[in-house]
Structure formats: structure tokens, C-alpha cells
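What follows is one structure encoded as C-alpha cells, with my remarks underneath.
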Amino acid sequence: MPRDEAGVLSEIKRDYIIKKLKEGKRGDGRGLDEFREISIQTNFVPRAAGSAFVKLGRTKIVAGVKIESGEPFPDTPNQGVLTTNVELLPMAFPTFESGPPNENSIEIARVVDRGIRESKMIDLEKLVIEPAKKVYIVFVDINVIDYDGNLIDACTMGVLSALKSAIVPGSKEGGKDFTLPIRNLPVSVTMVKIGDEIVVDPSVEEEQLSSARVTVTISEDGHLRAMQKGDAGSFTLDEIRKAIKISSDTGKLIREKYLQ
Amino acid sequence: MGTASDIKLIDENGLRVDGRSPTELRPIKIETDVLDRADGSAYIEWGGNKIMVAVYGPREAYPKHTQDIEKAIIKARYNMAAFSVDERKRPGPDRRSVEISKVISEALSNAVMVEQFPRAQIDVFIEVLQADAGTRIAGLTAASVALASAGIPMRDLVVGCTAGKIDGQIVLDLGKEEDNFGQADLPMGILSKSGKVVLMQMDGDLSVEEFDKATEMILDAIKRINEIQRQALAGKFISLALERGGE
């Protein structure tokens, strides 16, 4: 993620965040394992098959689903196709540039995709029209419109909510429209390490101060489905275990409160 | 992870498709200085993986806006040759290789004393000539050796290894079928001395207990892999000393 690109984080702010962390508090008053306020509005774009407008603190993203029929991958002839793409729009942050996806947006999209895919959230086998010939292709596109940290979690919530609200256009294939077959609700929890502390749902300022990032995506059964360590720093194994515990506890709350 | 299948990956004797035990690594061979032009290089064979790594730099970072006034940036480029896999891969970076390049760069910058080279970049070119599962961690393991063989100051070596789940069992170092038809994959990059985690990705389905078991296996294997890295480098530096008239 961008570090100090929108101008150097003021030294006063930096010192304040670090001082607060030593007292077990965040710069914005949150606890270390506390998310910012979450708001999810589904069917924000009725033209899409499914959509969601997600606010995670001041981070805002719009996720939209489009479903078309097409050919399956040759190695999975009896499964529909799911693809995830993230656009970091230039409107979202002073240093985001237009153009093809860069390594940051690719990493976010792939981590989000892995969490959704590996939790088997959608039953892709129910998206076959004609085996090996014709299946539904689910395109999830995420537009990041306002960036204040933790895009992976905001995007995962957006994809999940948009998919949950999506209608498959079965009537175009001579059948009936139906909702996407959902089996599982994975939750990703992203944490960063600042000094020796691990904090969840980092703001941009916290991301800039942090040395390393880790995302842990857990499904309803409490199993790990996807993980990604990011940024130039490192974690001890104990810190990773702690991160898994935090993700498991915090993720459960988020699933119950916002996603079910 | 791969698709469900009827293929049995562990037989009644507890052995895997290639005859390995759950905690056995595939054969690993590392050579240094296999390329003449590069500042440092290494070649690794890990099971059926054949991977070449070249290091250039430290040299002035370009384009200029990428320079960091405090340290060198590590630019790893992981690339799969068109002929490295069963079906020809379209040459050039795809989304997967962009992501892998990013996580490998981040992992290596923990080991290199980047603060000694402000405004510089160090290029690490990882070319997968033949892929056989676990290319990212084999590439990372070799990249670390190539950096050391280039004489770049390092505080540690990064060692890569994976563990995964096949037929419901945690095993070390997934092979190709195991990767395709297994239930989980956990590639990690670990600093050999401090044991810190500098690369970690995971996909599939692991319980927390299974994760602990997998990391335990990886940590144990790291020692063995690190020994192979050290041997490769020792070979180089001993012969260098002999050339210069040492004993």
C-alpha cells in the first residue's frame, strides 16, 4: 500500500499514534482489535446482478456483480467461473493513477478472491448450464472510491454482500432467474504490526506506520481458508498465531452483525 | 486449491504418490554462479522444479521516483517460461506472477541490509524453466543464495518451504499432484536464524490445529534446506579463497 505518498505523515500524528498504542489504545480511540464503523448498502446499483456499497470508516468501495454465460475452464468443465477485479480509482487517493491494474490492486483482488473461492462460498457446480460447454461466469468488479486503509477487508465484505444479493439471469437461458447458491460466509480480518503491537482494520495512517500486514480469512466452521502476509516487515510465528486468534474472534462478530 | 477427485494421494503404508513420507522433502540441489554476466546467480533443482535466478545491483534505482532515500529497493521478478508447464503459458507477467513477484520482493528485503544502499535497487530475476509445484518458495530459496553469492550484505538467508493438506493429512513440500488435488497449501518464507516469517500465503482449508502442525513441519524442514543453501555458498567461497592463495 502507498506509504507516505500523499505527503509525509506528520511527526506529531506519528508520535501520537505510537504513544497511544503503548497505552493499549489507537490514535482514533479504538481498541487494538476493534473495527471502524461498517455500513453496507446492497443493491446500490440495480443495473448490476448484485451490488454493495461498503463504508469501512472513511474507506468506501462499490462492488458490482455481472453474470453472463460462457465457456467453463477446461480443467473444471462442471463448474461456473468466478473472477474478481479491483480498480483503485484515481478519485480515491492523491497518488492512485488510472491505467491497468498495478501490483497493489492485483494483490488485493487475489487475496479477496482466494478468501471467497476457498471458503466455497458459492456453489459453482450449480452454475452449469450445459456441462463442459456453457456455464455462468460471475464477474465481480470492485471500485475503490475513497481510500482510508484496509481495502482487503472492505472489498471482501463488498464482494460477499454483492454476491449474496445477486440474481442469476436464468430466464435468458430458458429457465428461471435464481439467487446465487451461497453456502458459506467467509470473513477476512486484516491486521498490521506497528512496533510490537498488532492492530486490526488499519487506517491509512496506521498502514503508513506499520512494518508488516497479515490477512486471515476464516469460514463459518472456524477454519482458515486464505492467508496473506504483506509488506516488507516480518512476523514471529507467535504473532501469526495471535493474528489467527484475533481474526477468528473478531470475524465471528462481524459475520453476525453485518453479513448474515 | 484443486478440484475434488478420487485420486488417492496417500497409500495404505502412509506413503505419498512419489513414495515420500509425510515429512520428507523432495531432493534439492543448489548451485551458485551459474551465469557469467549477472552480479550473482543461483540455480536450484527442487523435485522437478528447475529455476534460474540472477541478481543485478545494487545500482541506481530507475525510474527515479521509485528511489527510497533511506534504503535500497528489492525488485524481484518471478517469471514462468512458456515451456515450463504442461500447456504452453503465454509469455509475460500474468496476475499470479505479479503477486508472487511482490511477496518475494517483500520477503527478500527483510534479509538484505537494504539500509546500506539508499536510492539503489537490487534486481532479482527468477526464471522458472520447469515448474513442479512450489515454484515460489524454491525461487525464493535460490534468490536468497544468489543475493549472497553477489556479495550483497545480508543479515540472514530466507528459506522457503511449503506444507499442505492431502487426503486430510498434513504433509511437507507438496508435489504436483498433491498441489492439484490437495485440500490446502501453505507456502512460507522464514529467516533461517531468527525464525521470523517474511512470506506467508495460504489457500484451502486448514483448522487452527492443522496450521500449527504445518508450521511445525516447515520450521523443521527449514533447517535442512538452509544447510543446502549454506553448502552451496561454502563451496563457492572456499574455492574463491583457494584461488587467491589461501590454504
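A Cβ distance below 7 Å, combined with a sequence gap of six or more or placement on separate chains, defines the contacts here; from the range A:89-100, residues that are closer than 10 Å to A:N143 by Cα reach residues that are hydroxyl-bearing (S, T, Y) in the pairs A:A92/A:Y147. Entry remark, the range A:217-241: residues being in contact with a Gly (Cβ under 8 Å, 6 or more places away or on another chain) and more than 7 Å from chain B (Cβ to nearest Cβ) number 2 in total. Being buried (at least 16 other Cβ atoms within 10 Å of the Cβ), among the aliphatic types (A, V, I, L, M) and away from chain B (no Cβ under 14 Å) is a description that does not apply to A:I116. Only one residue in B:G195, B:G189, B:G204 is within 11 Å of chain A (Cβ to nearest Cβ) and part of a loop (DSSP other than H, G, I, E, B). Which one? Among B:G195, B:G189, B:G204, only B:G195 is within 11 Å of chain A (Cβ to nearest Cβ) and part of a loop (DSSP other than H, G, I, E, B). Sub-8 Å Cβ pairs linking a first residue in the range A:194-219 that is without any contact (Cβ under 8 Å) to a residue 40 or more places away in the chain and among the small types (G, A, S) to a second residue that is surrounded by 23 or more Cβ atoms within 10 Å (Cβ to Cβ) and assigned to a loop (DSSP other than H, G, I, E, B), at least 6 apart or interchain, are A:S210/A:P202; A:S211/A:S234; A:A212/A:S234, ordered by first then second residue.
Scanning the range B:69-93 for residues that are exposed (fewer than 14 other Cβ atoms within 10 Å of the Cβ) and within 12 Å of another protein chain (Cβ to nearest Cβ) yields B:I69, B:E70, B:D86, B:E87. The residue that is farthest from the chain's Cα centre (by Cα), counting only those in the range B:77-101 that are without any contact (Cβ under 8 Å) to a residue 24 or more places away in the chain and outside any loop (DSSP other than H, G, I, E, B), is B:R95. Here A:T217 fits the description: surrounded by 15 or more Cβ atoms within 10 Å (Cβ to Cβ) and not in a helix (DSSP H, G or I). Of the residues A:K126, A:K66, A:K60, A:K55, the single one that is away from every other protein chain (no Cβ under 13 Å), of a type outside the set (F, W, Y) and part of a helix (DSSP H, G or I) is A:K126. Hey, any hits in the range B:124-144 for a residue that's within 13 Å of chain A (Cβ to nearest Cβ), in contact with a Ser or Thr (Cβ under 9 Å, 6 or more places away or on another chain) and more than 22 Å from B:E45 (Cβ to Cβ)? No, the conditions are met nowhere in the range B:124-144.
We did not get these values from a lab; they are worked out from the coordinates using the rules stated. Computed from a predicted model, the values in this text were never measured in an experiment. Neighbour counts are summed over all protein chains in view; Cβ atoms, including those assigned to glycine, are modelled from backbone coordinates with ideal geometry.
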